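Since the structure comes first, as structure tokens, the remarks are kept for the end.
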Amino acid sequence: MATLILPPIPPSPRDDAMQLYRAFKGFGCDTTAVINILAHRDATQRAYLQQEYKATYSEELSKRLISELKGKLETAVLLWLPDPAARDAEIIRKSLVVDRNLEAATEVICSRTPSQLQYLKQLYHSKFGVYLEHEIELNTSGDHQKILLRYLTTPRHEGLEVNREIAQKDAKVLYKAGEKKLGTDEKTFVQIFSERSSAHLAAVSSYYHDMYGHSLKKAVKNEASGNFGLALLTITECATNPAKYFAKVLYKAMKGMGTNDSTLIRVIVTRTEIDMQYIKAEYAKKYKKTLNDAVHSETSGNYRDFLLALLGPNH
């Protein structure tokens, strides 16, 4: 469930465009007005608003926001503006090509459904003029590259039906390929994790626990490390409980000294319209503190206001 709160009677895109233009005019930007509009519009409304703004004022809303906002607030608002697939494309491009930090690209690719990935690939090519697969080949290596490419290109079933017999067999095969032997047969892990549906992998994980006394997640942690390990963990955890997975990502981003703001922004912005309500519930259950309180204590100013507006009421 989403946490996005929309006005009961949505204003027209024209009204929104005029209000934003007014907020930008004069000395300094009325940031509160900008947040009050943008943090309470869904992807479709944001798309119409951007079209209207450009038609009326002959400039891209995103360009105007760059000149009016700054710092972490600017980063968060600009990432919020596009629709989910375009946003994913931007996150992956930045992760692979600009930052050369492969964590964000790995998380996004390995937590999306086959149909989302199919659309993402098309959009990536039309947006950046290169194929995402080619970008991955250039910027990753080894088993990490193999799992990303296979996960991106292999058609997977999206339904909830599971063949119990095959799931049980897969659990045995993974045990033999990992914990039972010296070293790891990475090829088997890549094959099963890229070819099986989420529902199937959740069943495999359950059988694994029943047969070997601990989770498939624990086995993956023992057998794979680095970005390859991250890819496998993301796939298996998003198959069993995506909300719990993202709650943990958020917790790690805020743990200890300093905050990893790019992770905080990425997860809140990408999950607000999907399952943030469940993530908040998992966060409170596991860390005995609400996600809103954690974000409140780790952020400040308009940046804090924007993230909290996306997170909705504190409970």
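The values are calculated or read from the model by the stated rules, or taken from the named source; none is laboratory data. Just so it is clear, the model here is predicted, and its values are computed rather than measured. Note that we place each Cβ from the backbone using ideal geometry, even for glycine, and neighbour counts take in every protein chain shown. Heavy atoms of the whole protein, side chains included, go into the accessibility calculation; ligands, DNA and RNA do not. Shrake-Rupley method; radii C 1.70, N 1.55, O 1.52, S 1.80 Å.
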For the range 27-73, give me each residue that is farther than 24 Å from residue 10 by Cα and of a type in the set (D, E, K, R). 63, 68, 70, 72
List the helices (runs of 4 or more DSSP H) that sit entirely inside the range 86-147 and contain at least 1 residues that are of a type in the set (Ser, Thr, Tyr). 103-110, 114-128
Residue 65 under 22 Å from residue 273 (Cα atoms), free of Cβ contacts under 8 Å to residues at least 40 places away in the same chain and buried (at least 22 other Cβ atoms within 10 Å of the Cβ): no
Residues of the range 216-229 being open to solvent by 50 Å² or more (accessible area, probe 1.4 Å) and farther than 24 Å from residue 141 by Cβ, which ones? 217, 218
What are the residues in the range 133-159 that are free of Cβ contacts under 8 Å to residues at least 24 places away in the same chain, under 20 Å from residue 192 (Cβ atoms) and among the polar types (S, T, N, Q), if any? 145, 153
Does the range 148-168 hold any residues that are in a helix (DSSP H, G or I) and among the aliphatic types (A, V, I, L, M), and which are they? 148, 149, 152, 166, 167
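Conditions tested, residue by residue: (1) part of a helix (DSSP H, G or I); (2) at positive phi; (3) open to solvent by 40 Å² or more (accessible area, probe 1.4 Å).
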| position | (1), (2), (3) |
| --- | --- |
| 214 | no, no, yes |
| 231 | yes, no, no |
| 245 | yes, no, no |
| 249 | yes, no, no |
| 262 | yes, no, yes |
| 268 | yes, no, no |
| 297 | yes, no, yes |
| 306 | yes, no, no |
| 314 | no, no, yes |
Checking residue 256 against (1) modelled with pLDDT under 95; (2) under 18 Å from residue 314 (Cβ atoms), which single condition isn't satisfied? (2)
The correct count of residues that are out of contact with any Pro (no Cβ under 7 Å at 6 or more places or on another chain), surrounded by 16 or more Cβ atoms within 10 Å (Cβ to Cβ) and over 14 Å from residue 188 (Cα atoms) in the range 140-159 is 5
I need every pair where a residue in the range 110-122 that is loosely packed, with under 15 Cβ neighbours inside 10 Å has its Cβ under 9 Å from the Cβ of a residue that is among the charged types (D, E, K, R), sequence separation at least 6 or different chains. 113/156; 113/158; 115/158
Mind counting the residues in the range 22-63 that are within 26 Å of the chain's Cα centre (by Cα), part of a helix (DSSP H, G or I) and not polar (S, T, N, Q)? 11
The one condition residue 239 fails out of (1) within 26 Å of residue 160 (Cα to Cα); (2) touching a residue at least 60 places away in the same chain (Cβ under 8 Å) is (2)
Which residue out of 130, 162 is surrounded by 13 or more Cβ atoms within 10 Å (Cβ to Cβ) and free of Cβ contacts under 8 Å to residues at least 12 places away in the same chain? 130
So which pairs qualify, if the first residue must be in the range 205-223 and modelled with pLDDT under 95 and of a type in the set (A, V, I, L, M), the second must be surrounded by 13 or more Cβ atoms within 10 Å (Cβ to Cβ) and not in a helix (DSSP H, G or I), the Cβ gap must be under 7 Å, and the two must be at least 6 apart or on different chains? 219/178; 219/179
Could you tell me which residue of the range 71-85 is modelled with the lowest pLDDT, considering only residues that are assigned to a helix (DSSP H, G or I) and open to solvent by less than 20 Å² (accessible area, probe 1.4 Å)? 85
Could you list, in sequence order, all residues of the range 270-294 that are under 13 Å from residue 242 (Cβ atoms), under 14 Å from the mean Cα position of the chain (by Cα) and buried (at least 20 other Cβ atoms within 10 Å of the Cβ)? 270, 271, 276, 279
Against the definition (modelled with pLDDT of 95 or more and closer than 18 Å to residue 237 by Cα), how does residue 166 come out, yes or no? no
